[in-house]
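Quick notes on the structure that follows.
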Amino acid sequence: MTVTMKIKSTIATNIRKYRKKRHMTQEQASERAEITTAYWQRLELVSQTDLPSVPTICKIAKALNIHPYQILK
């Protein structure tokens with residue numbers, strides 16, 4: 001597995017984990033993060049994961065009520 005794929009996998013796993021922990025749907029989470037549901041869905045799929053920008057990671061973290069580093073660890 002390449003480094004990029006490991007990062008994508010970590011991001012996807014953590015976004016999904018924290019969203020489910022908050023009992024939120026993808027639609028609810030994407031609305032709170034002010035991103036499209038389609039983009040949120042891609043972020044949760046390891047095979048399709050785009051690498052989000054730092055501002056987007058911050059928006060996602062805020063929507064999930066976590067610190068941005070928790071998405072990356």
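Of the residues 13, 4, which single one is in a helix (DSSP H, G or I) and modelled with pLDDT under 95? Going through 13, 4 in turn, just one is in a helix (DSSP H, G or I) and modelled with pLDDT under 95: 4.
If the condition is being among the polar types (S, T, N, Q), open to solvent by less than 60 Å² (accessible area, probe 1.4 Å) and modelled with pLDDT of 95 or more, then the stretch 26-64 contributes 26, 30, 37, 56. Residues in the stretch 1-24 that are open to solvent by 60 Å² or more (accessible area, probe 1.4 Å), under 15 Å from residue 64 (Cβ atoms) and not charged (D, E, K, R): 13, 23.
I'd like to check something: does the stretch 18-31 contain any residue that is touching a Ser or Thr at 6+ places or on another chain (Cβ under 7 Å), of a type in the set (S, T, N, Q) and in a helix (DSSP H, G or I)?
yes
The values are calculated or read from the model by the stated rules, or taken from the named source; none is laboratory data. Bear in mind the structure is a predicted one, so any value in this text is a computation, not a measurement. Don't worry about glycine lacking a Cβ; one is built from the backbone with ideal geometry, like all the others, and counts go over all protein chains shown. In case anyone asks, the SASA skips ligands and DNA or RNA and just uses the protein heavy atoms, side chains included. Shrake-Rupley method; radii C 1.70, N 1.55, O 1.52, S 1.80 Å.
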